[in-house]
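No lab work stands behind these numbers, since they all come straight from the coordinates. What you see is a predicted model, and the numbers here were worked out from it, not measured in a lab. Note that each Cβ is placed from the backbone with ideal geometry, even for glycine, and that neighbours are counted across all protein chains shown.
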Amino acid sequence: MSPAKFYLQLLLWCALYFSLGYISLFLDDPLSQVSFVWFPAGLAVAAFLLTPRRFWPPLFLGLFIVRTVLDVTMRHSLETSLVHSVISLGNDFAIAWLVRRFRRPDDMQVNVLIWLAATVVISAVAAAAGAGWVLYRHNINFVQTLWIWWSANVVGTILLTTIIMGLFWKPEPLVLRKCLTGGGLWIGLCLCAAWVFSQPFDDARSEALHFILACIPVMIMIAIPIVSGNRLGALAFLSFSTIVIYCSWHRLGPLFIPGLRSGEPLLLAQCYLSGTALLLNFVYVLKRNVPGMASSYYLIPQSGRLSWDQTSVTPLTQHLLKINHADELLALLSPDDAKRMRARWETISHGGMVTDTFSFLIQLSPKIKIQLQETKLTGLPQPEGVVIIGSWSEELPNRGFTRTVRET
C-alpha cells in the first residue's frame, strides 16, 4: 500500500469512526454516561487488521485524535476524553495485535477463536480501567459501569468487525441467479425484521410467540451469505442490525419485555445480534473449509513438465490446467515469489524438506489475481529423479489477513 492510498483510507476510517461514535454516544446509560454499545471499537479493530503494520502508528494517532474530539464535542472534559481515548484505542490495538500475532494462515476456525478470546479478555481489562477512572472522578457505581463498558466493547467489536471484514472478503464470481436470490432475501429480511421489531409487544402471555418470530429474520440472515456470498451477507447484516437496534432503543419489538429498566432492551438486542454475528462467522468458516478447494501439482524438475491433479476439478484447478511448464508458472508470479518458489523446488530436488507455508500472488490473466498458499511440498523418488508434489489452496479470503501473511 502506498502512503497516498493509506492516507486516503485514513480519512475514511476517521470519518466513519466519528459518525459511529456520534451514534453510540446517544445510546448511553443516563447515570454513568457510558454507551451501551460502542460501534467504533469494531471499526478500529477492522482498520488495524486491514492496514499494513508500518502504518499502524499514524492510524492509531488519527483515530486517537478523532476519539478525543468526539468526546470533547459531546460532553466530557479534555482530561476525561484523553483517558477514554487511551483506554479505547489501546483496547482496539491490543485485539488486532493479538489476532495478527497468534493467527494461523491455514486455520480459519482457530483465527476466529483467537479474535473472540482477545475481544472478551482485552475488553474486560479496558472496562476495568475505564470504570475505575469513572469511579475515581465521578463516584459512579463501579460494577454497573464495568459491565456496561465491557459489553459495549465486546458487542461493538463483534458486530462491526464482522460487517467490515465481510465487506472486504474476497469477492466471489458474479452470478445473476445468486444476486437476484440474495437481493430478494435481503428485501425479505428487512421487511420481516421491520415488522417483527416494530410491534409494541406488551402482552406477557404471547412472549413465546414473540421470540419465535424473532428467530425468522435470523434464519433469513444466515441464508444470504450461503446463497449470495459474504459481501452481500455483510450488507444485509448491517441493515438487520440497524433495524433491531433502532426499534429496541425505542422500546419496541420482542426484546422489550415489560418491567425492564431503561437500556436493558438494548442489552438484549446486543446479545441477539452478537449471536447472529457469531453464526455468520461460523458460516464463513464452513465456506472457507469446504473440501475440494485445494489443487495439487506434479513437477518433473529435469524437464520442467508440470501437470495437475484432475480428480477433483475446482474453479481454481480449471484456471491452472492451462499451465504445463514450470517456466510458464514462474512467469505468472512476482520476481520475489518466483525466486522463493524455485528455491523451494531446489531444496526438495536435493533431498531436503520444506515444511513452511508459502503465500504468493499469481496473475492468471490481466483481470484475475488470486492469493494462494502452498501448504504442502514433498518429493517422490523415481528412477529418473525426484518428482515434486505440491498442494495449493486459496489464501484466507480476508484481505487484512492476506497482507499479514505477505508482510511476515
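A few remarks follow.
- For Tyr272, Tyr136, Tyr22, order by how many other beta-carbon atoms lie within 10 Å, fewest first: Tyr136, Tyr22, Tyr272
- Exposure proxy ranking for Ile148, Ile368, based on other Cβ atoms within 10 angstrom of each Cβ and starting from the fewest, stands as Ile368, Ile148.
- A simple spin-label model places pseudo-atoms 7 Å from Cα toward Cβ; at Asp327 and His350 they are separated by 2.3 nm.
- Given Lys339/Lys376; Lys322/Lys367; Lys5/Lys339; Lys339/Lys369, the pairs whose alpha carbons are separated by over 22 Å: Lys5/Lys339
- Put simply, the amide H of Gly253, placed in the peptide plane, has neighbours under 5 Å in Gln199, Phe201, leaving out anything fewer than 5 places away on its chain.
- Semi-axes of the equivalent ellipsoid for region 43-136, computed as √(5λ) from the eigenvalues of its C-alpha gyration tensor and ordered from largest down, come to 27, 16, 8 Å.
- Per-residue ³J(HN,Hα) for region 365-382, Karplus 6.51 cos²θ - 1.76 cosθ + 1.60, θ = phi - 60°, Hz, x for Gly and Pro: 7, x, 10, 10, 10, 10, 8, 10, 9, 8, 8, 8, 8, 9, x, 10, x, 10
- In nm, spacing of pseudo-spin labels at Val121 and Leu61 (7 Å Cα→C-beta vector): 3.1 nm
- Pairwise label distance in nanometres, Thr375 with Ile389, each label 7 Å out on the Cα-Cβ vector: 1.6 nm
- Net charge over other residues, Cβ less than 10 angstrom from the Cβ of Ile362 (K, R count +1; D, E count -1): 0
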